[in-house]
Amino acid sequence: MKKALLAMAVAASSVTLIGAAQADEVKIGFLGGFTGPIESLTPPIFDGAQLAVQHVNEQGGILGGQTLVMPNADTTCSDASAASNAADRMVNTENVTAIVGALCTGATVAAANNAAIPGGVVMVSPASTAPAVTDLDDNDLVFRTVPSDAFQGEMLAKLLISKGITDAAVTYVNNDYGQGLASAFNETFEAEGGMVSASEAHEDGRADYRSELGSLSSGGSETLVVLAYADGSGQTILRQAYESGMFTQYVGADGMVGDSLVEAIGADVLEGMIATRPGSPDTPGTETFEALAAEADIDPSAVFAAQAYDAAFLLALAIEQNGNAEREGLSEALRSVSSAPGEQILPGEWEKAVELIAAGEEINYEGASGSHEFDENGDVPGVVVEMVVEDGRFVSQGFLEVEDL
């Protein structure tokens, strides 16, 4: 009997200890495409978010010294069921307060509609660029730290026109990302005097796109615009386009900007390829992040790494502003800490932010990827960077200014 009572006491104390340990943690989940068509792009994005978590914990933790942790789950990028299941685990099993992610737009939409919105969980995506995110009926729960493709598609089209490229064939992955980007590109390209000789959707994950390439090349265009993913259909299409000899100039957008793409196809093949990606303006916040990232052995120029840092740091600031790890009221707090007026907070300035919040002062986070004045849809303005493949890697050519195009 005494042994039984002792065992019960030990079990009860274990539960208490586990509960206490969990009570000392605040969770922000991360949803990323760790496998699938952006698997080479996801690790540096995750690293960016984790760096924000590291800065919080190194400077005293969150909500009076609790530890900020970041459980993660794989959406595969392209499988809506996987994204929904991953989000469900974050919302209902991990019981996260908020989520960084997802990355691919289809994954974000599925995660939001099937788990985050019903659970009242704020999501901040650092990489979902499709216009479809703007139109979500999300109860002010879905935000992003990256501009919409409605802007990137326009800038890519104007960039090509400025380079004298006025005739192009377009192939795009058949999802929200590809459809939205192609629509914005095609509309602007033709409005600026260009001709889209063909514009065709394709399904991701196939082994052979030669039939589609034959159709795309029938209009006689020498430029092929591929709006897809570097580790998925985009890579296969570029390889087969080169083997076919049908096109002489290749163009892509942010989903194609990865050195793994150049390594897989060949530096000589892709030399001179043109692309665009969201970037970070030259501000005190971006300069600070570059130094912090370099110190942590993270490439500050990695696609969406800065935006991921901002998503995680903003959510941590919002939780601190909200005063608890509950989900209710977090979106309002997020808007507060990201907007003027308020004392400027730069990346890494967690301790300063906590002191100001405790004193009842307003703060305004100026981030690694610029300022984040969220509009009514949770969207932000942004900048687009021109990228060109030079000597075996994508190299930035600087920001694209509307007045220069």
Item to check | Residues with amide H under 5 Å from that of Ile363, placed H, sequence gap 5 or more | outcome: Glu343
Item to check | Reach of Lys27 by Cα under 13 Å, taken over aspartates and glutamates that are not fewer than 8 positions away in the same chain | outcome: Glu94, Glu320, Glu326
Checklist outcome for this item: Relative to the chain, whose Cα atoms define the longest principal axis, helix 2-23 and its Cα axis are tilted in degrees, nearest 10, by 50
Checklist entry - Which residues' amide hydrogens lie under 5 Å from the amide hydrogen of His372, considering only partners 5 or more residues apart or on another chain, with H built in the peptide plane? => result Gly367
Item to check | Residue-span extension gain [Glu243 to Glu271] - 0.36 nm each, minus C-alpha spacing | outcome: 8.6 nm
Checklist entry - Distance in nm between label sites at Glu200 and Glu263, each 7 Å beyond Cα in the beta-carbon direction? => result 3.2
Checklist entry - Which ³J(HN,Hα) values in Hz, rounded to whole numbers, follow from the phi angles of the range 300-316 under the Karplus curve 6.51 cos²θ - 1.76 cosθ + 1.60, where θ = phi - 60° and Gly and Pro get x? => result x, 8, 4, 4, 6, 5, 5, 5, 5, 4, 4, 4, 5, 5, 4, 5, 5
Checklist entry - Any idea how far apart Ala207 and Thr35 come out in nm if each label point goes 7 Å out from Cα toward Cβ? => result 1.9
Checklist outcome for this item: Kirkwood radius from Cα pairs of the chain plugged into Stokes-Einstein at 20 °C, 1.002 mPa s, gives D in µm²/s equal to 98
Checklist entry - Assuming R0 = 35 Å, what is the FRET efficiency of Glu351 and Asn377, from their Cβ-Cβ distance, to the nearest 0.05? => result 0.60
Item to check | Computed over the range 66-211: relative contact order in percent, which uses C-alpha pairs under 8 Å that are six or more apart | outcome: 17
Next on the checklist: Within the chain, what whole-number % of the accessible surface is contributed by carbon and sulfur, with the 1.4 Å probe and all protein chains included in the calculation?
Outcome noted: 47
Checklist entry - Of the GluC sites (Glu not before Pro) in the range 134-204, which ones lie in a loop per DSSP and count no more than 16 other C-beta atoms within 10 Å? => result Glu192, Glu203
Item to check | Computed lengthening from Val388 to Glu190, 0.36 nm per intervening residue step minus Cα-Cα distance | outcome: 69.0 nm
Next on the checklist: Check which residues have an amide H placed less than 5 Å from Glu200's amide H, if you skip close sequence neighbours.
Outcome noted: Val170, Thr171, Tyr172
Checklist entry - Separation of the range 46-123 and the range 203-240 by C-alpha centroid, Å? => result 33
Next on the checklist: Can you give the FRET efficiency to the nearest 0.05 for Ser396 and Asn139, using r as the Cβ-Cβ distance and R₀ = 22 Å?
Outcome noted: 0.05
Checklist entry - How much area per residue is accessible in the chain when the probe is 1.4 Å and only protein heavy atoms are counted (Å²)? => result 39
Checklist entry - Relative to the Cα centre, what is the charge dipole magnitude of the range 77-233, using +1 at the beta carbon of each Lys and Arg, -1 at the beta carbon of each Asp and Glu, and rounding to the nearest 20 debye? => result 300
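Specify the longest stretch of the chain that does not include any exposed loop site, a site being one of the trypsin sites (Lys or Arg not before Pro) with a non-H, G, I, E, B DSSP assignment and at most 14 other Cβ atoms within 10 Å. Display every interim value, and only then the final one.
Values: sites that count: Lys163, Arg206.
With trypsin sites (Lys or Arg not before Pro) excluded where exposed in loops, the chain gives 207-405 as its longest stretch.
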Checklist outcome for this item: For the range 331-378, listing GluC sites (Glu not before Pro) in a DSSP loop whose Cβ sees at most 14 other Cβ atoms within 10 Å gives Glu361, Glu362, Glu373, Glu376
Next on the checklist: Using the Cα centre of the chain as the reference point, and only Cβ charges (+1 on K/R, -1 on D/E), how large is the resulting charge dipole? Debye, rounded to the nearest 20.
Outcome noted: 1460
Checklist entry - What 222 nm value per residue comes from the helices of the chain, counting each DSSP H run with n ≥ 4 as -39,500 (n - 2.57) and dividing by all residues, nearest 500 deg cm²/dmol? => result -12500 deg cm²/dmol
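The values are calculated or read from the model by the stated rules, or taken from the named source; none is laboratory data. Computed from a predicted model, the values in this text were never measured in an experiment. Glycine gets a Cβ as well: all are built from the backbone with ideal geometry, and neighbour counts include every protein chain shown. Heavy atoms of the whole protein, side chains included, go into the accessibility calculation; ligands, DNA and RNA do not. Shrake-Rupley method; radii C 1.70, N 1.55, O 1.52, S 1.80 Å.
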